[in-house]
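A.B. asks: Pasting in a structure now, in structure tokens, and then I'll have a few things to ask.
The values are calculated or read from the model by the stated rules, or taken from the named source; none is laboratory data. Source: prediction; values computed, not measured. Here Cβ is always computed from backbone atoms with ideal geometry, including for glycine, and neighbour counts include all displayed protein chains. The accessibility values were calculated without ligands, DNA or RNA, using every heavy atom of the protein model including side chains. Shrake-Rupley method; radii C 1.70, N 1.55, O 1.52, S 1.80 Å.
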Amino acid sequence: MTQNVENVIDHFNLFRGPEYIEMFENKRKNFENPHPDDKIEEVREWTKSWEYREKNFAREALTVNPAKACQPLGAVFAAVGFESTMPFVHGSQGCVAYYRSHFSRHFKEPSSCVSSSMTEDAAVFGGLNNMIDGLANTYNMYKPKMIVVSTTCMAEVIGDDLNGFIQQARSKGSVPEDFDVPYAHTPAFVGSHITGYDNALRGIVSHFWEGKERTPNEKINFIGGFDGYTVGNLREVKRLFDLMGVEHTILADNSEVWDTPADGEFRMYDGGTKLDDAKAAINAKATISMQEYCTEKTLDYIAKTGQETVALNHPVGVAGTDKFLMEVARITGKPIPAELTKERGRLVDAIADSSAHIHGKKFAIYGDPDLCYGLASFLMELGAEPVHVLSTNGSKDWEAKMQALFDSSPFGKGCKAYPGRDLWHMRSLLNTEPVDFLIGNTYGKYLERDTGTPLIRIGFPVFDRHHHHRYPVWGYQGAMNVLVWMLDKIFDEMDKNTIIPAKTDYSFDIIR
Amino acid sequence: MSLTVEQVKARNQDLIKEVLEVYPDKTAKRRAKHLGTFEEGKSDCGVKSNIKSIPGVMTIRGCAYAGSKGVVWGPIKDMIHISHGPVGCGQYSWAARRNYYIGTTGVDTFVTMQFTSDFQEKDIVFGGDKKLEKIMDEIQDLFPLNKGITVQSECPIGLIGDDIEAVSKKKSKEYDGKTIVPVRCEGFRGVSQSLGHHIANDTIRDWVFDKMDGKPAAFEATPYDVAIIGDYNIGGDAWASRILLEEMGLRVIAQWSGDGSIAELENTPKAKLNVLHCYRSMNYISRHMEEKYGIPWVEYNFFGPSKIEASLREIASHFDDKIKEGAERVIAKYKPMMQAVIDKYKPRLEGKTVMLFVGGLRPRHVIGAYEDLGMEVVGTGYEFGHNDDYQRTTHYVKDGTLIYDDVTGYEFEKFVEKVQPDLVGSGIKEKYVFQKMGVPFRQMHSWDYSGPYHGYDGFAIFARDMDMAINNPVWGLTKAPWK
């Protein structure tokens, strides 16, 4: 008997009982027609070899375990950053179910989004009626202030014309004539989720700004980009701006909608960039983007209005934050306050306290291109070596930029950037050129299992650890969080490696 | 609940009317057909089902790809399932369904991996067949122990006119008759996941069964061979079921498809009986095996001791006395443990009400398990059910139960707000909505990362989890004391 009501066991331990183990063995032996154990072992070892790595890197068509998602996910991310805005994805409905699940699993929050639910008939005749009915239903049911339309690959392949469709829906009364329906074509077969973020944000900004006269003022605009830490980061950035007395507009502020309270009320919408602020943002002096590769087209568009644009690469750490703050200070003419200088000093102090444990450690990193850049810079600042830096949605330009970063420091010697590669490539890298730690999202746990490289979870999505998205990784305090997460893992590993009594536990130190 | 059945029915009617008021007329007319109240004695639940979702309403449904790759094919562990098309579909469904399995991932087992053709613009413009061929070659090269390949079509495939059948045939021939299965489960087909299940079932018929004629049996058949059909082994469900069938003296020769293998699919036409848990997703192949191979099938329900007991007897009735005695022995063996679970948890859960909205079999199948704990299901509905599901539901629900087919986000929120159940059981997209409202919630697709819930071992976990959801002290903290 496996269960005892005083201590009910679930999948973690239930299946380790002898009756289940025997059942598994019999199933395998009698019915699965398995490969012989030695053959499996042989192939497993072979997958760790240089020979396998070369074959693996010679792949031209197959992608295995990529670290990227598709465009409309990014479009939905950008859309929910605006006041009472419903993202509306034109195309097949299953996609929307996936985006909503994906965000809910990461943020542990509701994620509202609708689909135009196109099926076979729409594939033949086009999705105009879906747009007309869909906008009317969304407008009436969910009472948004704005609906942002993007597309799934189905609508893109059949060539639906969003602009025309939305105009026709308007003329049929689906939404009022003056109701805001920005849109962006977001084909899943071009770029990745960061491209979709860029396209949607450009769509929203141009919807508000096109044909408008710019009257420059002293405010600045801030764009965070597609960011798993958006909740913590945007709050931190607002705090920094407030400390500096900088008047600002966050474009796509999703820090509230993905962190609503449990107080008896479900808020489908919460916070977000006010639509009036988004309109007025054309008058800002400059726009700062924290993620260059996530906002290329948006910044191009903004630059054409006459604003200065500044593109950073997901700055993490002392120098990265210094650069960010100095850019803000330069643009606004506001000095960096003593309080922030003190925060900086505290971060430097923390690094000095702990760097002995990080110095010289080798890391592998994967993620979105800007995040990789920011993390690699911070590691080098800590005296660590970002040996393998891989970005499935990174470009050749990104690779060159990473190389320049490596070349700028002795800690970058021998480090290499891998654009367009996936986590099965990373597996080969870790097997053939091992490192001490891996930084990546939740899927990195499979690499941890297969290669024994301890995983520090930083990225998107993180499904299997809770609440990290509430912490910033930007600003000096954000860097402090990243430092602590890395140190926690480093110390845990030290303890794990020294825990055998009478064998290794002389180093099981109480003070580290 | 203190309302009489008639009062409940009147309340439901008002509630439905109120909910429909928000819609434009055309939509209200269409949605009205999907909302209703079960009337005792009727042969179905009085709602329309398996109809296209309405644009813009926030349906909870997925697509045919989700039904094929995510449900039917994905768990077959020793084959490689290519998400064929752009990167997203495979990414969002990657390892998300907790189909447990045993095997060396990346070597002889591939369930929790994301194989994608990652379509680029040129693949859309020039077609993806050449790329697909190359992908299959690369799979053979890098994953030599794979036992087969399936091609899970995403939306563009059917729109750009690719011939994945030709590619699959060609490559199968090239690789000595290797099982390669093209699946036309493009997301725009049909109205929900459901068509994906059907399409996937049909491909097993056409590309596995019909291609194995003449292959020698992998094992000696016995009179007690059964196959578990329609259990995806979420959190180990199929294992907690299999152990009971084996304990009663049956031999489980295949699991469809949780922890399943291609060999097991091929074994199945030799079964004496197919036992079917998720009717919705695998009735098609069960009917086919009945017609072609003469294998009878029987539906069963392994949620909660009452239904398990009835199901064990029903399954045993297809066999001789040895198995019938075996069923009684199993029932007797677990009875004290089940009683202990009920004794512990029923006093904590008695009279609590539940609203469900799930897929597959669960909107009806779990009702008995709640009732074993003294709880009452007051509302239920199917994400992608058909009328035969709603007919079967009549055997489970009470007079006056609120029924909602393909519920919209808005409707579900309003229904829960007004009915005020003690627990909602639905999916990840719904979980946080209701928890914000202060309503206890359990995910009834993924078991909220717990499980198994099937079988006797599973019921103990089910009871524990429902108790921890409802009697969680956090629900007493949602209101600030100064408010």
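A.B. asks: Any chance you could check region B:21-37 for residues losing 40 Å² or more of accessible area when the partner protein chains are in, compared with the chain on its own (1.4 Å probe)?
C.D. replies: Residues passing the criterion (a loss of at least 40 Å², heavy atoms only) are B:Val22, B:Pro24.
A.B. asks: In addition: Over the Cα atoms of chain B, what is the Rg over Rh ratio if Rh follows Kirkwood?
C.D. replies: We get a ratio of 0.98 for chain B.
A.B. asks: Also: Distance cut-off 23 Å, Cα to Cα: go down the list A:Lys143/A:Lys212; A:Lys445/B:Lys178; B:Lys131/B:Lys173 and report the pairs above it. Walk me through the numbers on the way to the answer.
C.D. replies: Details: A:Lys143/A:Lys212 27 Å; A:Lys445/B:Lys178 32 Å; B:Lys131/B:Lys173 18 Å.
Violating the 23 Å Cα-Cα cut-off are A:Lys143/A:Lys212; A:Lys445/B:Lys178.
A.B. asks: Starting at the first residue of region B:429-434, write each ³J(HN,Hα) from the Karplus equation 6.51 cos²θ - 1.76 cosθ + 1.60 with θ = phi - 60°, in whole Hz, x for Gly and Pro.
C.D. replies: Using θ = phi - 60°, the values come out as 5, 9, 3, 6, 4, 7 Hz.
A.B. asks: Here's a follow-up. Listed here are the pairs B:Lys42/B:Lys272; A:Lys27/B:Lys307; B:Lys418/B:Lys483; B:Lys52/B:Lys130; which of them are more than 28 Å apart at the Cα?
C.D. replies: Numbers: B:Lys42/B:Lys272 34 Å; A:Lys27/B:Lys307 26 Å; B:Lys418/B:Lys483 22 Å; B:Lys52/B:Lys130 34 Å.
Check vs 28 Å cut-off fails for B:Lys42/B:Lys272; B:Lys52/B:Lys130.
A.B. asks: Another question, if that's okay. Enter the Cα centre distance for the pair region A:19-79 and region A:436-512, rounded to the nearest angstrom.
C.D. replies: 24
A.B. asks: Taking square-rooted eigenvalues a ≥ b ≥ c of the alpha carbon gyration tensor, is region A:90-171 rounded, prolate or oblate, where a/c under 1.5 means rounded and, failing that, a/b exceeding b/c means prolate? Write down the numbers at each step before the final one.
C.D. replies: Values: a/c = 2.31, a/b = 1.36, b/c = 1.70.
Note, shape of region A:90-171 comes out oblate.
A.B. asks: A further question follows. What does the convex hull of the alpha-carbon atoms of region B:225-332 project to on average, in nm²? Numbers along the way, then the final one.
C.D. replies: Values: hull surface 24.4 nm².
Mean projected area for region B:225-332: 6.1 nm², to one decimal.
A.B. asks: Using only Cα atoms, tell me the angle between helix A:230-244 and the longest principal axis of chain A; keep it within 0 to 90° and round to the nearest 10.
C.D. replies: Once rounded, one gets 70 degrees.
A.B. asks: Heavy-atom accessible surface, probe 1.4 Å, ligands and DNA/RNA ignored: which residues of region B:413-449 lose at least 20 Å² versus the isolated chain?
C.D. replies: B:Glu413, B:Ile428, B:Lys429, B:Tyr432, B:Val433, B:Lys436, B:Met437, B:Tyr449
A.B. asks: While we're looking at this one, here's another question. Suppose R0 equals 56 Å; then what is the FRET efficiency for A:Gln403 and B:Phe219 from their Cβ-Cβ distance, rounded to the nearest 0.05? Please list the in-between numbers first.
C.D. replies: Details: r = 57 Å, r/R0 = 1.03.
For A:Gln403 and B:Phe219, the calculated efficiency is 0.45.
A.B. asks: Which aspartates and glutamates, if any, have their Cα less than 13 Å from the Cα of A:Lys304, not counting same-chain residues under 8 positions apart?
C.D. replies: Of all the aspartates and glutamates, those that pass the test against A:Lys304 - Cα under 13 Å, at least 8 places apart if same chain - are A:Glu210, A:Glu213, A:Glu296.
A.B. asks: Also, quick follow-up: Per the helix-only calculation at 222 nm, which mean residue ellipticity applies to chain B, given -39500 (n - 2.57) for every DSSP H run of n ≥ 4 and division by its residues, nearest 500 deg cm²/dmol?
C.D. replies: -13000 deg cm²/dmol
A.B. asks: Another question, if that's okay. Consider just the alpha-carbon atoms of region A:46-200 and return their Rg together with their Dmax, both in angstrom.
C.D. replies: When restricted to Cα atoms, region A:46-200 yields Rg and Dmax of 18.0, 64 Å.
A.B. asks: For the protein assembly as shown, report the accessible area per residue in Å² (1.4 Å probe, heavy atoms, rounded to an integer). Before the final figure, lay out the partial values.
C.D. replies: Working: 34660 Å² over 995 residues.
Per residue, the protein assembly as shown has 35 Å² of solvent-accessible surface.
A.B. asks: What 222 nm value per residue comes from the helices of chain A, counting each DSSP H run with n ≥ 4 as -39,500 (n - 2.57) and dividing by all residues, nearest 500 deg cm²/dmol? Walk me through the numbers before you get to the answer.
C.D. replies: Details: 21 runs with 246 residues, N = 512.
So the helix-based figure for chain A works out to -15000 deg cm²/dmol.
A.B. asks: Check cross-link reach from B:Lys431 to the lysines: straight Cα distance under 16 Å, and skip same-chain residues fewer than eight apart.
C.D. replies: Result set, ordered by chain and number: A:Lys108, B:Lys414.
A.B. asks: Further question: What do you get for trypsin sites (Lys or Arg not before Pro) in region B:351-407 restricted to DSSP loop and a cutoff of at most 14 other Cβ within 10 Å of the site's Cβ?
C.D. replies: Values: sites: B:Lys352, B:Arg364, B:Arg392, B:Lys398; in loops: B:Lys352, B:Lys398.
In loop regions of region B:351-407 (DSSP not H, G, I, E or B), the sparsely surrounded trypsin sites (Lys or Arg not before Pro) are B:Lys398.
A.B. asks: Report Rg (one decimal) and Dmax (nearest whole number) for region B:64-190, counting Cα atoms only, units Å.
C.D. replies: Rg then Dmax for region B:64-190, in Å: 13.5, 40.
A.B. asks: How high is the FRET efficiency from A:Asn217 to A:Arg16, r the C-beta distance, R0 45 Å, rounded to 0.05? Could you put the intermediate results ahead of the total?
C.D. replies: Working: r = 65 Å, r/R0 = 1.45.
Result of the calculation: an efficiency of 0.10.
A.B. asks: Still on this structure: How far apart, in nanometres, would the label points at B:Glu121 and B:Lys322 be if each is projected 7 angstrom from Cα along the Cα-to-Cβ direction?
C.D. replies: 6.8
A.B. asks: Still on this structure: Given 10 Å bins starting at zero, what is the percent of C-alpha pairs of region B:318-443 in each, up to the one with the largest pair distance?
C.D. replies: 12, 37, 30, 16, 5, 0
A.B. asks: Can you compute log10 of I(q)/I(0) for region A:1-129 with the Debye formula, treating each Cα as one identical point scatterer, at q = 0.13, 0.17 Å⁻¹?
C.D. replies: Rounded to two decimals, the profile gives -0.95, -0.96.
A.B. asks: For region A:154-227, state which trypsin sites (Lys or Arg not before Pro) are in a DSSP loop and have at most 15 other beta carbons lying within 10 Å of their beta carbon.
C.D. replies: On the way: sites: A:Arg170, A:Lys172, A:Arg202, A:Lys212, A:Arg214, A:Lys219; in loops: A:Lys172, A:Lys212, A:Arg214, A:Lys219.
Of the trypsin sites (Lys or Arg not before Pro), the ones in loops of region A:154-227 whose Cβ has at most 15 other Cβ atoms within 10 Å are A:Lys172, A:Lys212, A:Arg214.
A.B. asks: DSSP loop (so not H, G, I, E, B), at most 15 other Cβ within 10 Å: list which trypsin sites (Lys or Arg not before Pro) in region A:415-481 pass both filters. It would help to have the intermediate numbers written out before the result.
C.D. replies: Numbers: sites: A:Lys416, A:Arg421, A:Arg427, A:Lys445, A:Arg449, A:Arg457, A:Arg465, A:Arg470; in loops: A:Arg421, A:Arg465.
The qualifying sites are A:Arg465.
A.B. asks: Let me ask you something else. Would you kindly calculate the translational diffusion coefficient of chain A, applying Stokes-Einstein with the Kirkwood radius from alpha carbon pairs, for 37 °C and a viscosity of 0.692 mPa s, and quote it in µm² s⁻¹ without decimals?
C.D. replies: Details: Rh = 24.9 Å.
Roughly 132 µm²/s, to the nearest whole number.
A.B. asks: Quick one: grab the alpha carbon gyration tensor of region A:284-423, order the square roots of its eigenvalues as a ≥ b ≥ c, and give me rounded if a/c is under 1.5, else prolate or oblate depending on whether a/b is larger than b/c.
C.D. replies: It is oblate, given that a/c is not under 1.5 and a/b is not larger than b/c.
A.B. asks: Using heavy-atom solvent-accessible surface (probe 1.4 Å) with all chains present, what is the largest-first order of B:Lys215, A:Lys285?
C.D. replies: From most exposed to least exposed: B:Lys215, A:Lys285.
A.B. asks: Report D for the protein assembly as shown in µm² per second (integer): Stokes-Einstein, Kirkwood Rh on Cα pairs, 20 °C, 1.002 mPa s. Don't jump to the answer; show the numbers that get you there.
C.D. replies: Details: Rh = 29.6 Å.
It comes out at roughly 72 µm²/s.
A.B. asks: Taking only Cα atoms, what is the 0 to 90° angle, nearest 10, from helix A:475-497's long axis to the longest principal axis of chain A?
C.D. replies: Long axis of A:475-497 versus the principal axis of chain A: about 20 degrees.
A.B. asks: Would you please give the residues with an amide H less than 5 Å from that of A:Ile365, counting only those at least 5 places away or on a separate chain, with H modeled from the backbone geometry?
C.D. replies: Placed amide hydrogens put A:His388, A:Val389, A:Leu390, A:Ile439 under 5 Å from A:Ile365.
A.B. asks: Excluding ligands, DNA and RNA, what is the accessible area buried between chains B and A, summed over both sides, using a 1.4 Å probe, to the nearest 100 Å²?
C.D. replies: Working: alone 20080 and 23820 Å², together 34660 Å².
The contact between A and B buries close to 9200 Å².
A.B. asks: With θ taken as phi - 60° and the coefficients 6.51, -1.76 and 1.60, list the Karplus ³J(HN,Hα) couplings across region B:138-152 in order, rounded to whole Hz; mark glycine and proline as x.
C.D. replies: Along region B:138-152, the couplings run 5, 5, 4, 6, 9, 10, x, 8, 5, 9, x, 9, 10, 10, 9 Hz.
A.B. asks: Report, in degrees rounded to the nearest 10, the 0 to 90 angle that the Cα long axis of helix A:369-381 makes with the longest principal axis of chain A.
C.D. replies: Roughly 50 degrees between the two axes.
A.B. asks: If you don't mind, there's one more thing I want to ask. Excluding same-chain residues fewer than 8 positions from A:Lys39, which aspartates and glutamates have a Cα within less than 15 Å of its Cα?
C.D. replies: Within the straight-line cut-off, A:Lys39 pairs with B:Asp78, B:Asp108.
A.B. asks: Could you work out the Rg to Rh ratio of region B:96-155, with Rh taken as the Kirkwood radius (inverse of the mean 1/r over all Cα pairs)? Let's see the in-between values first.
C.D. replies: On the way: Rg = 13.4 Å, Rh = 13.2 Å.
With Rg and the Kirkwood Rh in hand, the quotient comes to 1.02.
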